[in-house]
1. For segment 131-204, count the residues as N, evaluate 2.2 N^0.38 Å, and divide the Cα radius of gyration by that value, please.
2. With springs only between Cα atoms under 10 Å apart, run a GNM on the chain and tell me which of Glu260, Glu70, Glu178 wobbles the most.
3. What is the sum of charges, Lys and Arg at +1 and Asp and Glu at -1, for the other residues whose Cβ falls under 13 Å from the Cβ of Asp211?
4. Between 0 and 90 degrees, rounded to the nearest ten: what's the tilt of helix 255-264 against the longest Cα principal axis of the chain?
5. Please give the helix 41-54 orientation as an angle from the longest Cα principal axis of the chain, in degrees from 0 to 90, rounded to the nearest 10.
6. Fewest Cβ neighbours within 10 Å first, please rank Ser272, Ser69, Ser100, Ser218 accordingly.
7. So what are the three principal axis dimensions of the chain from its Cα atoms, in whole Å, longest to shortest?
8. Spelling out what I want: for every residue of segment 128-145, take phi, set θ = phi - 60°, compute 6.51 cos²θ - 1.76 cosθ + 1.60 (Karplus), and round to whole Hz; glycine and proline get x.
Amino acid sequence: MDDANDSAAEPPSNTVFISDFPLDPASDGTTLTLRDDRLAFPAFIDAASSCRRRGIRFRLIDQGRLTPSELEWLGQAGADIYTSDRARQALAEFVLMRKSAVRGGALVAYFHHGPLADEPAAGVVPFEALREMGLSGIDIHISDDKGERDAARLAELADDCSRGGAVFVLYRHGPLGEAQENLARRGAWIHVSNATLAGDDEVRFLCDCVDAARKAGSNVILHVDAGISASVAGEIMAKGGIVLFKTPPSDYRSPLRRVEDAAKRFRLSPRSYYLFTDFVL
């Protein structure tokens, strides 16, 4: 329920008032995000239904506390489910989640922490299962913060996601190279920090990756968490790249302030990042 005046009786225990929870400020108040330990299952269903009536996206962070069937019900109720290999590992659970989410007009986004391994092991989602997930329409997010990922396998996953109508997202820790440009050509979204832009050559190559990604319907997202010149940021944005400033606003007289203000006007697709845009994960 949304309004305490809906009934004079005391609300049942599963009644959820959306006003009790802060909406995500980065979404301009159009998204509510809750972990799976915040409510009981009936209350999650109530929250998802309430959000749907109000035109608010409801995002559930799956930590493995709910059963697969409960997640299916939530997907069908319109809840976007953000899961990972730290929450569960069974391919069938992910695929059933996705089928239910389609019926509810919702999405399933999966973050892969583990290796791109062939053989199943405890706590590991094998590579072929990842491919099936992409082909089934599950958005796949992956990071190379623990070390380089196999470029050929990342390209396979990007292709599978493209064929399945899913989104493939790479969080890149390190300079962009041919492997990332290849992913961009295959429609992958790529996050990278401006700390990797050591000189003009790196800036030009990032712009090449932007061109390749935009032609494939995706983009490169540059996270600015340290100083950057107005000319560099402006060049990347002029090419169509996305720049997310994490630094305090520049002085209003600075040329960079105009670039920062222009960057704020861009609305990033929620499928192009995992939950939040605060960091290169």
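Just so you know, all these numbers are worked out from the coordinates, no wet-lab data involved. No experiment lies behind these values; they were computed from the predicted model shown. Methodologically, a virtual Cβ is constructed for each residue, glycine included, from the backbone with ideal geometry; neighbour enumeration extends over all protein chains shown.
1. Numbers: Rg = 12.6 Å, N = 74, 2.2 N^0.38 = 11.3 Å.
Normalised Rg, Cα atoms only: 1.12.
2. Glu178
3. Summing Lys and Arg as +1 and Asp and Glu as -1 gives +2.
4. Tilt relative to the chain: about 30 degrees.
5. Relative to the chain, helix 41-54 is tipped by roughly 60 degrees.
6. Fewest to most other Cβ atoms nearby, the residues stand as Ser69, Ser272, Ser100, Ser218.
7. That gives 66, 53, 28 Å along the principal axes, largest extent first.
8. Karplus-based 3J(HN,Hα) across segment 128-145 equals 5, 5, 4, 4, 4, 5, x, 5, 7, x, 7, 5, 10, 10, 8, 10, 10, 5 Hz.
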